[in-house]
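Report on the following structure.
The values are calculated or read from the model by the stated rules, or taken from the named source; none is laboratory data. Predicted model, so just to flag it, every value in this text is computed and none were measured. All Cβ positions, even for glycine, are placed from backbone atoms using ideal geometry, and neighbour counts span all protein chains on display.
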């Protein structure tokens, strides 16, 4: 199974920003999991998952986001989603997990 996903991690002050683009699905979920592990390596106060270039997410992708939120709580780190496109936000709402996340309202 092949998928298209781009992921990058950068540090910005006391925060880690994980930029995600393309398709977050069963074939690419592990790629985001690895990026999140890298983001938490330096113990940031905040991890922001920037979904501005993400145009597709399935249940495997939702699982990664939910697990990231759980890990953030365990690590006493804040986690936020930003630039959430309407179709991705709709999937979060349909799965009834939208309220689990802090979402910066600068969506597209």
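Listing for the model above:
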{"read-out": "Residue that is surrounded by the fewest Cβ atoms within 10 Å (Cβ to Cβ), among those in the range 72-103 that are over 21 Å from residue 33 (Cα atoms) and in contact (Cβ under 8 Å) with a residue 12 or more places away in the chain", "value": "86"}
{"read-out": "The one condition in (1) part of a strand (DSSP E or B); (2) closer than 22 Å to residue 102 by Cβ that residue 23 fails to fulfil", "value": "(2)"}
{"read-out": "Filter result for the condition that a residue is free of Cβ contacts under 8 Å to residues at least 40 places away in the same chain, outside any strand (DSSP E or B) and farther than 21 Å from residue 90 by Cα, over 32, 36", "value": "36"}
{"read-out": "Residue 16 vs. criteria surrounded by 19 or more Cβ atoms within 10 Å (Cβ to Cβ), part of a helix (DSSP H, G or I) and in contact with a strand residue (DSSP E or B) (Cβ under 6 Å, 6 or more places away or on another chain)", "value": "no"}
{"read-out": "Top-ranked residue of the range 49-77 - restricted to ones that are out of contact with any helix residue (DSSP H, G or I) (no Cβ under 9 Å at 6 or more places or on another chain) and not in a helix (DSSP H, G or I), ranked as modelled with the lowest pLDDT", "value": "76"}
{"read-out": "Exclusive hit being surrounded by fewer than 21 Cβ atoms within 10 Å (Cβ to Cβ) and modelled with pLDDT of 95 or more, set 39, 30", "value": "30"}
